Amino acid sequence: MARIGILGFLHETNTFAPGPTTLDRFIEADAWPGLVEGPALLDATHAMNLAVSGFMAALRGTGHTLVPLLWCSANPSGPVADAAFETVVARIEDLLCQAGPLDALFLDLHGSMVTESLDDAEGELLRRLRAITGPAMPYVAALDFHAIITQAMVDQTQAMVAYHSYPHVDMADTGARAARMMQRLLAGEVFHAAWKKLDFLVSMPWQSTLGQEPAGRIMARARTLEAPDRPEVQFIPGFPNSDTPESGPAILAYARTPDLAQAGVQALAADVTGLQQAFSGTLHTPDEALQIVRTQAARRTILADTQDNPGGGGSGDTTGMLQALLDHRLQNAAVALLCDAPFSLAAHQAGVGTTIRHPLGGRNTPGGPPVEGDFEVLALGDGKFTGTGPFYQGCRMDLGPMARVRICGVDVLISSRKQQAADQAMFHHLGANPQDYSILVLKSSVHFRADFGALADRILVVKAPGANTADLHELRYTRLRPGVTIL
C-alpha cells in the first residue's frame, strides 16, 4: 500500500483587480478553511465539497496511508504577492522533506494563480516539488473549472482532473475522480496526456453548465468520449480575467496510448470550436434591469451583481445595485453579501432594534460611493455557520461579524470578510429567508444558480461597477498571445 502526500494551494487571480493578495488572505478562514498543516488538515476539510475532501474520502478504507502536508486558499483577488507565494511554497517544501518516503502526491490546485513575478505559479510550484521528489513519483492534481492549463503543468504531473460543473457542485466528486486516477497509476498503469489550447476568451457569466448553453452540451459531449482506456476528456474554459500569454480554454485528455488521447482532444476541440459563438448573453445596466422588474411581472427576480462577484476578484462592497434599488424606490428586496467590517462592527455595537447612521460600502474602487442614511439593525450573527447548498455544502464558514439591516424597504446582508452570495445559509444565519423577497441582488456570477436559481422566475445579469469586469471588451489586455479572440 502507498503513502500519499496531500496538499493544497489555491488562488484564482484576477490580474485586473487591485492587488497584491497578501499572506494573511491565505491564513484566514472564509467559506473554506484557513491555512492548515499536518493532521489538522483532515478535520478542517472533512465532509466538505472540496476536491481535497473528496480525494481523501475516496481512499479511506483502501489501505493507503494519507500524509496531510498543508492546505490553504485565498478568495479570488489581484496577483499574489511574491512574498506570500514564497512563504507558502517554502513551507510546503519543508513539510514534504519531513514527511518521510512517499509513493505519490495529490495536489488540490486552482490552476490560474498568478503572482507579481510568475504567470504560471502552479507550474513553478510543481517544478520545485519535482526537485525534491524526482520525476517518477505519481502526481495527480485536481483543478478548478477555470484553470489555465500550461505545458509545465501537464509535463510535471501524471494526471490532472478539473471540475465538470459551473456552479462547482462537483468539487468533492472531482477529488474522487483524482483518487481513481491515482489508484490506477499506483497499480502500474501509464496514461498519456494530450491537450490543446483554444484561442478565445469566454466571460464568466456565459460559462455556466447549469441550464445554459453551450457549456452544458460540451460537458455532456466530453463524457461520451470517455472510456476505460481514455478515462478523462475535459473541456476547461479558463479564467478570462487573467491577462497572461496562456489565458484561454483548453481541451485535456488522458488515455492508455498517445493516439487515443489525441483523438479525444481533436474530437472535443472540433465540437467546442463549432459552438464558440454560442457563448453569449445579455448584460443589463442597473436601470435597465430595474425597469424590467417594474414593468414585467414576476414572482421573484434574481439580479446577479456579477461585476462585484468576490468569486471573480470583486471587492464585495460596491454599492451600485443597492443605490439603484433606492433610487427606483423598490422594496421587498435584499442585497447579499456586502462586505463592510466597520459597518458590521457598528451594527453590533448598536444592537438589534436600533437605527444607525453609518456609511455603508464603497470603500474600494471601482464601486462607490458609500450609501448614507438611516439603517435599522434587524439581525446580527458571528459569521460562523455551515453551508447547506450544493456548492458550499459542508463548508464551515467564518465570515466575521455579520448584520442584516434595512433602509427604505431594502434589506442588506453584511459580512466582515468577502464571500459571494451562493448559499441560502447566509440568509438563514441572519434570520432571513430568501423566499420572502421579490427581488434578490446576489453578488455572484454563476455559483448562486446552484442554491438560488430554482427560487427565481427570472434571472438578469447586471453590469454595475466592480472589479470583476463582465464585458471582456472593456479590459485592456496587453499580454495575450497573438490570435486570441474575445467573445
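Please treat every number below as a calculation from the coordinates, not as lab data. No experiment lies behind these values; they were computed from the predicted model shown. Cβ: placed from backbone, ideal geometry, glycine included. Neighbour counts: every protein chain shown.
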For ALA162, what residues show an amide H to amide H distance below 5 Å, using hydrogens built from the backbone and excluding near sequence neighbours?
LEU143
Might you report the magnitude of the Cβ-based charge dipole of the chain about its Cα centre, with Lys and Arg at +1 and Asp and Glu at -1, to the nearest 20 debye?
740
Taking H placed 1.01 Å from N in the peptide plane, check which residues at least 5 places from LEU338 or on another chain put their amide H under 5 Å from its amide H.
LEU413, ILE414, SER415
Cross-link candidates for LYS463: which aspartates and glutamates have Cα within less than 19 Å, leaving aside residues fewer than 8 places away along the same chain?
ASP287, GLU288, ASP305, ASP308, ASP317, ASP327, ASP471, GLU474
State log₁₀ I(q)/I(0) for the chain at q = 0.09, 0.10 Å⁻¹ as given by the Debye formula over alpha-carbon point scatterers of equal weight, solvent excluded.
-0.59, -0.72
Any lysines whose Cα falls less than 16 Å from that of LYS418, other than same-chain ones fewer than 8 residues away, would be LYS384, LYS443
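As an exercise, use a Förster radius of 45 Å and the Cβ-Cβ distance of GLU288 and THR224 to find the FRET efficiency, rounded to the nearest 0.05.
0.70
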From the Cα centre of segment 77-154 to that of segment 285-313, the distance in Å is 38
Against the longest alpha carbon principal axis of the chain, how many degrees, from 0 to 90 and to the nearest 10, is the axis of helix 121-133 turned?
40
Simple SL model, points at 7 angstrom along Cα→Cβ for LEU475 and HIS328; separation in nm is 2.7
Enter the angle in degrees (range 0 to 90, nearest 10) between the Cα long axis of helix 82-98 and the first principal axis of the Cα atoms of the chain, meaning the one along which they spread out most.
40
Tilt relative to the chain, helix 341-350 - C-alpha long axis, 0 to 90 degrees, to 10:
50
Straight-line reach check, LYS197, cutoff 13 Å on alpha carbons, 8 or more apart in-chain or any other chain, hits among aspartates and glutamates -> GLU246
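When DSSP assigns beta bridges and you keep just the ones with both residues in the chain, what percent turn out antiparallel, to the nearest 5? Kindly include the intermediate steps, with their values, before the conclusion.
Numbers: 31 of 77 bridges.
If we restrict to bridges inside the chain, about 40 percent are antiparallel.
Express the C-alpha Rg of segment 1-120 as a ratio against the empirical globular expectation 2.2 N^0.38 Å, rounded to two decimals.
Working: Rg = 14.6 Å, N = 120, 2.2 N^0.38 = 13.6 Å.
Against the empirical 2.2 N^0.38 Å value, I get 1.07 for segment 1-120.
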Take the Cα atoms of segment 291-357, find their three principal axes, and give me the spread along each one in whole Å, biggest first.
41, 32, 19
The extension gain from SER280 to ASP43, computed as 0.36 nm times the residue separation minus the Cα-Cα distance, is 81.2 nm
Mind jotting down the distance between the C-alpha centroids of segment 1-29 and segment 400-442, whole Å?
27
Show me, for segment 193-204, the HN-Hα J-couplings you get by feeding each phi into the Karplus relation (A = 6.51, B = -1.76, C = 1.60, θ = phi - 60°), rounded to Hz, glycine and proline as x.
9, 9, 7, 8, 8, 9, 9, 8, 10, 10, 4, 3
Neighbouring Cβ atoms within 10 Å as the yardstick, rank MET56, MET321 fewest first.
MET56, MET321
Whose amide H sits under 5 Å from the amide H of VAL461, counting only residues 5 or more places off or on another chain, with H placed in the peptide plane?
HIS284, ALA304
